[in-house]
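Note sheet for the following structure.
The values are calculated or read from the model by the stated rules, or taken from the named source; none is laboratory data. Because the structure is a prediction, the values reported are computed rather than measured. Here the Cβ positions follow ideal geometry from the backbone for every residue, glycine too, while neighbour counts run over all protein chains shown.
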Amino acid sequence: MQILRIMIDKILDVIFPKVCVDCGKQGEGIICTSCFFNLHLINQIKKEYRKNYDYLVYLSKYKDEMRSKLLKFKFYDSAYLSEYFTELLIRSENICNFLKKFDLIIPVPMYKDKKLRRGYNQTELITKNFSNKIGIKYDMNVLKRVKSGTTQSLLNKDDRIKNVANVFDIENEWKIKDKNIILFDDIFTTGATVEVCSKIIKKAGAKKVCVLVICKD
Ligand SMILES: [Zn+2]
């Protein structure tokens, strides 16, 4: 299945050659080498001792080019950018090597009404793409959002934790018991959401949780 998918991708690349989303250059995929280096990604892997998760991994600070791309991705219909962010992750070798020790990728879910409105959930899209490329399975049926909660950006950290405290739930606990989990979200701001999610993932028996985000505020 994986080989078939790679072959189809290669054939599509020949018929419809990808252009760099930043400069339009052809033949180097969705981002060319020089635009990639211009992003100055910092690719951090941070061990955490006082959190519900064990590691925090991110590509970049939430600023400049990365910020505008993520905002575009979040609020406009640009699902194609999921491929772009996946490519940034895949090209970050130290991060990929580190993540290969983990068993399963779980995206932070979006409430279903919101997903219907937007037409897609950006974290799910990147999760699927990235999972295919790195070869770690994903599962969308473990971590569930059972309530919508107020939009986090309007609240401070304490209120954010309260706001998301009962918003998430775990189904199919057996799928994560004794497993090392990558919890994926696009942006880390105060960390309230991933704290709450990691807590219930650990409670369900997961061994290690690594929070993976594109940008950290
Ligand atoms: Zn370029």
Worksheet item: Hey, does the range 176-189 have a residue that's more than 26 Å from residue 60 (Cβ to Cβ) and surrounded by fewer than 17 Cβ atoms within 10 Å (Cβ to Cβ)?
Response: yes
Practice prompt. Kindly indicate whether residue 106 is assigned by TED's automatic domain parsing to the domain that holds residue 50, modelled with pLDDT of 90 or more and closer than 18 Å to residue 55 by Cβ.
Written response: yes
Item to complete: Please work out if residue 49 is of a type in the set (Phe, Trp, Tyr), over 25 Å from residue 121 (Cα atoms) and in a loop (DSSP other than H, G, I, E, B).
Response: yes
Practice prompt. Specify the residue that is farthest from the ligand (Cβ to nearest atom); the eligible residues are those in the range 7-46 that are of a type in the set (Val, Ile, Thr) and assigned to a loop (DSSP other than H, G, I, E, B).
Written response: 42
Item to complete: Test residue 165 against the stated conditions and say whether it is farther than 23 Å from residue 126 by Cα, of a type outside the set (D, E, K, R) and surrounded by fewer than 17 Cβ atoms within 10 Å (Cβ to Cβ).
Response: yes
Worksheet item: Is there a residue in the range 117-124 that is at pLDDT 95 or above and either over 20 Å from residue 31 (Cβ atoms) or buried (at least 17 other Cβ atoms within 10 Å of the Cβ) (or both)?
Response: no
Discussion item. Tell me whether the range 67-79 contains one or more residues that are assigned to a loop (DSSP other than H, G, I, E, B), without any contact (Cβ under 8 Å) to a residue 12 or more places away in the chain, in the same structural domain as residue 182 (by TED's automatic domain parsing) and of a type in the set (Phe, Trp, Tyr).
Written reply: yes
